[in-house]
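The values are calculated or read from the model by the stated rules, or taken from the named source; none is laboratory data. The structure presented is a predicted model; accordingly, all values stated were derived computationally and were not measured. Cβ: placed from backbone, ideal geometry, glycine included. Neighbour counts: every protein chain shown.
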Amino acid sequence: MSDFLNAVWLGIVEGLTEFLPVSSTAHLLVFENFLGLNKDQWEVFTVVIQLGAVLSVVAVYWRKLWDVLTGMFTQAKARHFALAVIVAFLPSAVLGVAMIKIINTYLLDPQRALPVIAVAWIVGGVIILIFERIAPKPRYTDPDTLPLSKAFQIGLCQCLALMPGVSRSGATILGGELLGVERAAAAHFTFYLAVPTMLGASVFELYKQHDALTSGHMTTIAIGFVVSFLVAYVVVKTFIAFVSRYGLKPFGWYRVAAGLALFAVMFMASR
């Protein structure tokens, strides 16, 4: 029963934080550490529940994605959209494959990662609070027609999320704003970009760890997958309206508070 409860908790954490600018990887590592979970035993689980989150994007944007797939060979706008997403996806794909061993060894180890996460949360929160104030007036308001140069630059921003505590959505939305992309448009493009990015990363990790997928773990994985999908679906449906009204500042303050709280917990645990 405890494994099932842990699966529900982690599914909620993944679904809630994957598309918010707070870093889902960091939250999962922190929760796994505090729950006393063995990283090796739950590693495949966390990979699969990410698939649940990415499928929520497909469910929300299925009509647009279908129109792009069926119109790529006949419509210039659909081809441009697909090419922009691919161009934005490539930097993190190349850098991620090149650095995967370093990331898994040094950055994703729960004990080593906690101080890095705390610093990244605080620094990232401060950056959000500052950059939200100085972002230029937007020049690009349509996420479907971003210039390829802007898409590539947003893709470079996404590479920052390879470090635990740096949010993928936060890096791309805030980076987009600084590049002159309207906030809601940057958020929409972030969701589009999440599909190949998260799908590619998850499939790559599952290929490496397919031996760990045993029948004994399938029920736990299925629970986490479904919970992650449902929670992420709600987040994706409501996120654009929220950031359009309030911006990213609430998440900046949350990150600072979470980083300070994590430092306090680590300090108390070390005494």
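Tabulated data
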read-out	value
Tally, over segment 1-28, of residues that are touching a Ser or Thr at 6+ places or on another chain (Cβ under 9 Å), part of a helix (DSSP H, G or I) and at pLDDT 85 or above	16
Count - residues of segment 35-54 that are farther than 17 Å from E205 by Cα and either touching a residue at least 12 places away in the same chain (Cβ under 8 Å) or crowded, with 17+ Cβ neighbours inside 10 Å (or both)	2
Any pair with Cβ under 6 angstrom, 6 or more apart, that starts in segment 218-243 at a residue that is under 17 Å from N6 (Cα atoms) and in contact (Cβ under 8 Å) with a residue 12 or more places away in the chain and ends at one that is of a type in the set (D, E, K, R) and surrounded by 21 or more Cβ atoms within 10 Å (Cβ to Cβ)	S228/E14
Considering residues of segment 150-181 that are of a type in the set (V, I, T) and outside any helix (DSSP H, G or I) only, the residue nearest to V87 (Cα to Cα)	V181
Residues located in segment 111-160, provided they are under 26 Å from R245 (Cβ atoms), of a type in the set (S, T, N, Q) and in contact (Cβ under 8 Å) with a residue 60 or more places away in the chain	T145, Q158
Segment 168-195, residues that are hydroxyl-bearing (S, T, Y) and over 17 Å from the mean Cα position of the chain (by Cα)	none
Some residue of segment 126-139 being closer than 26 Å to V13 by Cβ and surrounded by 20 or more Cβ atoms within 10 Å (Cβ to Cβ)	yes
Residues satisfying the stated conditions in segment 132-149, i.e. under 13 Å from L174 (Cα atoms), over 20 Å from the mean Cα position of the chain (by Cα) and part of a helix (DSSP H, G or I)	R133, I134
Residue pairs meeting the criteria (Cβ under 7 Å; at least 6 apart or on separate chains; first touching a residue at least 12 places away in the same chain (Cβ under 8 Å) and surrounded by fewer than 16 Cβ atoms within 10 Å (Cβ to Cβ), in segment 253-265; second of a type in the set (A, V, I, L, M) and assigned to a helix (DSSP H, G or I))	L260/I122
Of all residues making up segment 196-225, the number that are modelled with pLDDT of 85 or more and within 18 Å of G11 (Cα to Cα)	8
Every residue from segment 66-115 that is buried (at least 18 other Cβ atoms within 10 Å of the Cβ), at pLDDT 90 or above, under 24 Å from R168 (Cα atoms) and of a type in the set (A, V, I, L, M)	V68, A84, V85, V87, A88
G165 being under 16 Å from S24 (Cβ atoms), out of contact with any Ser or Thr (no Cβ under 9 Å at 6 or more places or on another chain), crowded, with 21+ Cβ neighbours inside 10 Å and in contact (Cβ under 8 Å) with a residue 60 or more places away in the chain	no
